[in-house]
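Report on the structure given below.
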Amino acid sequence: MTYDVVIIGAGPAGMAAAVKLAALGTSVCVIDEQPAPGGQIWRGVERNATSPVFKALGEDYQKGTSATEAFHAAGIDYLPSAQVWQIEDGWKVFLTIDGKSRCVLAKAVLLANGAQERPVPFAGWTLPGVMTVGAAQILLKSGGMLPEGNVWIAGAGPLPLLYSTQLLELGGRVAGYIDTSKKPTVKALSHLPAAWRDFPGLMKGLRWIWKLRRSGKLVRDICNLQANGEGKLAQISWESKGQIHKRDAGVLLVHEGVVPRIHETLALGCDHIWNDQQKYFAPRTDQWGETTRKGIFIAGDAGGIGGWKAATISGEIAALGIARSLNIGIDADKLRRDASLDDRRKKALALRPLLDALYAPPQQPIADDVVVCRCEEVTAGRIREAARASAPDVGAVKAATRCGMGPCQGRQCGYSVQALVAEVNDLPVGDVRFFNIRPPLKPVTLGEIATLQDVEA
């Protein structure tokens with residue numbers, strides 16, 4: 001089947017773009033890994049509308065209801081529970097649904113596939129009982145599940161603050177919240193005046209912090225967090241003011257920010273830009289969200305972390321850009337001005353400089369005995385050893401150690417390996433490239449590939 005546009009991802013950016021493109025008269029197919037639209041931010045929003053968790057998940061979550069209603073009403077072909085494992089020039093998008101593969105053709109592709117949590121290896125992070133805050137929130141949105149026992153939350157950024165608030169409002173218990181962020185610098189606070197442009201967002205964050213402070217569970221000024229136990233998490237420890245603190249723990253939820261999903265754009269050979277403040281790569285795009293590969297567009301957090309409001313607006317901008325590239329007879333510039341898309345996006349991003357400055361990624365060295373590549377069980381020490389024996393290139397380390405060759409294809413270890421190679425060679429991290437990403441983008445069996453039929457040349 002051939003469409004004008006294939007959109008990958010049905011989160012805020014993908015849905016907004018799809019609705020706009022459909023209204024402009026283009027044929028649209030949306031491919032989504034989840035069983036229902038909403039993305040990570042609005043995961044399960046349709047099913048949860050009558051659930052007790054709906055109110056506790058907050059006003060921003062509830063706004064997903066109107067977004068999914070508009071998406072369903074737009075007459076868009078929607079392929080849920082689908083895994084995209086290859087994109088080829090053409091554009092041909094290969095995917096698998098229910099164990100069977102198919103190929104969808106399009107004149108343009110919009111990648112609205114969001115972000116992932118930044119993996120930060122530390123001692124004990126692979127123990128059962130240690131998981132990310134994002135994973136815990138998926139369990140909450142998908143099945144209303146709350147962690148039980150001695151639950152500790154450790155990390156920095158809006159997501160752990162939001163999740164902690166939701167957990168407490170649903171009657172959950174938190175043994176302690178370990179804030180791993182550093183004290184605000186004068187430079188970080190210099191972004192505060194601009195952040196007032198998003199007054200509701202700023203107040204929301206301050207309320208989350210106030211509730212945690214009031215709970216008496218907040219722990220600050222720590223370093224060297226570790227998870228300990230034989231076969232499963234039993235205890236956590238950290239250093240503070242020269243002293244070691246130990247606490248019993250059954251669940252440790254960690255989070256150190258999010259990074260754009262770039263495997264698809266890397267595999268397609270798009271140019272990327274290094275964000276030195278947040279230590280991630282993002283695809284280089286023009287004012288319409290088009291990458292350096294003609295016909296490949298980006299919207300939402302996949303193009304740089306900005307949150308759901310900015311993602312929605314960037315989806316609308318990308319939709320106009322795609323329609324413009326398809327020459328369907330619209331004045332995209334006028335439509336962009338009439339909808340005040342640039343002003344709206346600027347306001348939606350008003351908090352971002354402050355958040356980026358307050359919640360910088362951890363720079364603590366990774367101990368040699370800590371596993372970095374979970375798929376292949378490669379330690380930081382083994383990676384350093386390989387890096388010392390080769391050129392400053394993650395590809396050489398990958399060949400020597402197999403790190404990044406497992407099912408996740410480097411999604412978990414990529415940035416850590418890059419940082420270790422930079423450390424060994426005394427280079428700026430941004431000067432070391434990411435893994436060379438090859439297909440398949442997601443695990444696919446030979447049997448599933450064999451089901452492919454009638455792929456057009």
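Can you tell me which condition Lys279 does not meet? The list is (1) without any contact (Cβ under 8 Å) to a residue 12 or more places away in the chain; (2) at positive phi, and all the others hold.
Looking at each condition in turn, Lys279 falls short on (1).
Looking for something closer than 30 Å to Phe434 by Cα, open to solvent by 20 Å² or more (accessible area, probe 1.4 Å) and either small (Gly, Ala, Ser) or out of contact with any Ser or Thr (no Cβ under 7 Å at 6 or more places or on another chain) (or both) - is there at least one such residue anywhere in region 235-248? Can you show your working first?
Filtering region 235-248 for residues closer than 30 Å to Phe434 by Cα gives none.
Looking through region 235-248, none of the residues is closer than 30 Å to Phe434 by Cα, open to solvent by 20 Å² or more (accessible area, probe 1.4 Å) and either small (Gly, Ala, Ser) or out of contact with any Ser or Thr (no Cβ under 7 Å at 6 or more places or on another chain) (or both).
Which residue pairs have Cβ atoms closer than 7 Å, lie 6 or more positions apart in sequence or on different chains, and pair a first residue in region 123-146 that is among the aliphatic types (A, V, I, L, M) with a second residue that is surrounded by fewer than 21 Cβ atoms within 10 Å (Cβ to Cβ) and part of a strand (DSSP E or B)?
As it stands, the answer is Ala123/Gln226, since those pairs meet every condition given.
Name the residue, out of Lys211, Lys204, Lys182, Lys141, that is open to solvent by 60 Å² or more (accessible area, probe 1.4 Å) and part of a helix (DSSP H, G or I).
Exactly one residue qualifies, and that residue is Lys211.
List pairs: first in region 370-391 and in contact (Cβ under 8 Å) with a residue 60 or more places away in the chain and among the β-branched types (Val, Ile, Thr), second open to solvent by 40 Å² or more (accessible area, probe 1.4 Å) and in a loop (DSSP other than H, G, I, E, B), Cβ under 7 Å, 6+ apart or cross-chain?
Pairs that qualify, where the first residue is in contact (Cβ under 8 Å) with a residue 60 or more places away in the chain and among the β-branched types (Val, Ile, Thr) and the partner is open to solvent by 40 Å² or more (accessible area, probe 1.4 Å) and in a loop (DSSP other than H, G, I, E, B), are Val371/Thr126; Val371/Glu377.
Here is a list: Ala135, Ala67, Ala106. Which entry is surrounded by fewer than 21 Cβ atoms within 10 Å (Cβ to Cβ) and at pLDDT 95 or above? Spell out how you get there, then give the answer.
Working: Ala67 fails: surrounded by fewer than 21 Cβ atoms within 10 Å (Cβ to Cβ); Ala106 fails: surrounded by fewer than 21 Cβ atoms within 10 Å (Cβ to Cβ).
So the residue among Ala135, Ala67, Ala106 that is surrounded by fewer than 21 Cβ atoms within 10 Å (Cβ to Cβ) and at pLDDT 95 or above is Ala135.
From the residues in region 71-103 that are over 30 Å from Leu167 (Cβ atoms) and part of a helix (DSSP H, G or I), which one is least open to solvent (accessible area, probe 1.4 Å)?
Of region 71-103, the ones over 30 Å from Leu167 (Cβ atoms) are 72-79, 82-103.
Add one more test, that the residue is part of a helix (DSSP H, G or I), and what stays is 72-73.
Working: His72: 102, Ala73: 86 Å².
This residue is Ala73.
Of (1) of a type in the set (Val, Ile, Thr); (2) surrounded by fewer than 12 Cβ atoms within 10 Å (Cβ to Cβ); (3) touching a residue at least 24 places away in the same chain (Cβ under 8 Å), Val259 satisfies all except one. Which?
(2)
Evaluate region 193-214: report whether one residue or more is farther than 22 Å from Trp125 by Cα and among the acidic types (Asp, Glu).
Yes; the residues of region 193-214 include at least one that is farther than 22 Å from Trp125 by Cα and among the acidic types (Asp, Glu).
Considering only residues of region 13-64 that are part of a loop (DSSP other than H, G, I, E, B) and among the hydroxyl-bearing types (Ser, Thr, Tyr), which is most open to solvent (accessible area, probe 1.4 Å)?
Thr50
Based on this model, can you work out whether Ala419 counts as under 20 Å from the mean Cα position of the chain (by Cα) and modelled with pLDDT of 95 or more?
yes
The values are calculated or read from the model by the stated rules, or taken from the named source; none is laboratory data. Not measured: the values here are computed from a predicted model. So basically every Cβ, Gly included, is an ideal-geometry build from the backbone, and we count neighbours across all protein chains shown. Remember, those area values only see protein heavy atoms, side chains included, never the ligands or the DNA or RNA. Shrake-Rupley method; radii C 1.70, N 1.55, O 1.52, S 1.80 Å.
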